[in-house]
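Q: Below is one structure. I have some questions about it.
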């Protein structure tokens with residue numbers, strides 16, 4: 001009777017150890033999965049931050065390009081104005097020379 005009871009208790013202990021071992025393995029698996037999930041979440045957060053930084057840089061670049069475009073337009077207008085002013089200077093210079101000739105001719109004659 002004591003031997004049967006001993007064998008029964010050994011069986012129960014063995015079964016309990018098997019259950020404990022399986023539960024420990026399951027817990028280890030769950031911890032591994034949780035760590036992987038946390039790493040993935042951190043990577044996603046890092047990528048989100050990087051995306052926001054890139055969007056900010058893109059916006060700054062767009063603003064810089066718009067400013068450069070405006071400067072280019074202003075430069076083009078300035079070039080046209082300089083060309084127009086040069087033409088006016090040439091016209092006035094020709095008129096001035098004609099007036100000087102007329103005055104010189106009037107003084108000579």
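Nothing in this text is a laboratory measurement; each read-out follows from the coordinates by a stated rule. Note that the structure is predicted; figures quoted are calculated from it, not measured.
Q: Report, to the nearest 10°, how far helix 2-108 tilts away from the longest principal axis of the Cα atoms in the chain, using its own Cα long axis and a range of 0 to 90°.
A: Computed tilt is about 0 degrees.
Q: Given the C-alpha centroids of the stretch 66-99 and the stretch 14-59, what is the distance between them in whole angstrom?
A: 68 Å
Q: Provide the descending list of Cα extents for the chain along its principal axes, expressed in whole angstroms.
A: In descending order, the Cα extents are 160, 11, 9 Å.
Q: Go ahead and set up a Gaussian network model of the chain, Cα springs under 10 Å, then flag whichever of 48, 64, 83 fluctuates most.
A: Per the Cα network of the chain with a 10 Å cutoff, 83 tops the list.
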